[in-house]
1. For VAL234, only one of the following conditions fails: (1) hydrophobic (A, V, I, L, M, F, W, C); (2) surrounded by fewer than 15 Cβ atoms within 10 Å (Cβ to Cβ); (3) more than 27 Å from the chain's Cα centre (by Cα). What is its number?
2. Taking into account only those residues within the range 35-70 that are β-branched (Val, Ile, Thr) and at pLDDT 95 or above, which is farthest from the ligand (Cβ to nearest atom)?
3. Confirm whether VAL157 is among the β-branched types (Val, Ile, Thr) and assigned by TED's automatic domain parsing to the domain that holds GLU101.
4. From the list GLU226, GLU200, GLU237, exactly one residue is within 23 Å of THR105 (Cα to Cα) and in a strand (DSSP E or B). Which is it?
5. When the residues of the range 128-165 are narrowed to those that are of a type in the set (Asp, Glu) and assigned to a helix (DSSP H, G or I), which ends up farthest from ASP183 (Cα to Cα)?
6. Which of the following residues is under 27 Å from ASN198 (Cα atoms), surrounded by fewer than 17 Cβ atoms within 10 Å (Cβ to Cβ), within 25 Å of the chain's Cα centre (by Cα) and aliphatic (A, V, I, L, M): ALA130, ALA112?
7. Taking into account only those residues within the range 261-296 that are within 22 Å of the chain's Cα centre (by Cα), of a type outside the set (A, V, I, L, M) and assigned to a loop (DSSP other than H, G, I, E, B), which is farthest from the ligand (Cβ to nearest atom)?
8. Please go through the range 50-61 and give me each residue that is surrounded by fewer than 21 Cβ atoms within 10 Å (Cβ to Cβ), of a type in the set (A, V, I, L, M) and touching a residue at least 12 places away in the same chain (Cβ under 8 Å), ordered by number.
Amino acid sequence: MPMKLSRRGFLSTASATLAAPAVVRAATGDVDVVVVGARSAGLAAAHTLINAGYSVMILEAAARIGGRAHTDSTTFGMPFDRGCSWIHSSDVNPYTPYAREYGFTLESHDGAKEAMFVGHREPTSSEWSAYDRGWRRTREGLSDAGEEGLDVPASEVVPNGIPWSGVSQTWTGPMSMGMDFADLSPVDWWSLSTTKPNLEVKEGFGTVVARFGADLPVTLNAPVTEIDDTGPSVRVESAAGTVSTKAVIVTVSTGVLAAESIRFTPGLPDTTLGAIENMPMGLLAKVPLLFDGYHFGLKPNEWLA
Ligand SMILES: Cc1cc2nc3c(=O)[nH]c(=O)nc-3n(C[C@H](O)[C@H](O)[C@H](O)COP(=O)(O)OP(=O)(O)OC[C@H]3O[C@@H](n4cnc5c(N)ncnc54)[C@H](O)[C@@H]3O)c2cc1C
């Protein structure tokens, strides 16, 4: 999501190695490491392990790799990212050099002009000023509270009823952080690490992730149902069969773990279960609309607020 607001905080450096790996194919049987989930986290883990010389099998529940990174390149006559589309913190994001190396087209989205409509017309200059004020008041309320370390609902620290603030609060809460603005913690928002520029991929971010995983040993349609660590090796049960391994890396979302879709034996420690429960998933779904004809006068790289 575009980060309209500047933030401070520590930079998390991604440790994934993005060099093309030597491919190790493994069938059901024995491998050094099983990775559960073939999306960004799982694919990066597999690249790193394979580069270090381990045999790896990735088990993916879906019929494609990518998880929440998925570009639909057919429905709209142009690539559309159904999930993630912005490469945030592109100065330290390992996907940036990878996408460049593989010839993807990267566009900076910072400072991209916003388009907005009030009914059927463009906003007046005083409406634009009010809109900017709404953003500023939202940002200031969150920044002041975040810097103080306040872990309270954002709605308690941002004044109510600021004209136009519905837009800034929608972008900041559901669109940016995957949760309703009222439930957003200022301290979480403040400590989120995001540096500029934010990039978009013309061919789709999902296409980059799909390329990243294309040469890896992924078994699709293989939801893992059980991980048993009570024997001499770890036993992993999936729809594709049984695998024995020395280690398992689980990269499914906390939502999948909270639903207990995978049975762990022995069970997960209480502290892990507590962390999963306390880190619920937000809900964000894009609803694309395909118009017949060209109606909004948008220029390339402009976005509709
Ligand atoms: C609409 C939307 C927009 C977003 N926009 C951005 C953005 O612009 N920029 C950004 O950085 N982030 C964005 N995000 C967030 C980003 O997509 C996710 O943080 C990221 O994709 C998570 O990757 P992951 O590998 O942790 O998990 P996931 O992508 O959820 O991958 C987990 C994988 O595990 C698989 N799995 C689940 N259960 C099992 C099982 N039992 N056995 C085997 N496999 C299983 C799933 O099928 C999936 O492939 C967006 C998310 C959404 C939904």
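1. (2)
2. By that ranking, first place goes to ILE50.
3. Criteria not met by VAL157.
4. Matching residue, one of GLU226, GLU200, GLU237: GLU200.
5. ASP132
6. None of the other options fit; the residue is ALA112.
7. Among residues in the range 261-296 that are within 22 Å of the chain's Cα centre (by Cα), of a type outside the set (A, V, I, L, M) and assigned to a loop (DSSP other than H, G, I, E, B), the one farthest from the ligand (Cβ to nearest atom) is ASN278.
8. Of everything in the range 50-61, just one residue is surrounded by fewer than 21 Cβ atoms within 10 Å (Cβ to Cβ), of a type in the set (A, V, I, L, M) and touching a residue at least 12 places away in the same chain (Cβ under 8 Å), namely ALA61.
The values are calculated or read from the model by the stated rules, or taken from the named source; none is laboratory data. Because the structure is predicted, anything quoted here is derived from the model rather than measured. Every residue, glycine as well, gets a Cβ built from its backbone with ideal geometry; the counts of neighbours run over all protein chains shown.
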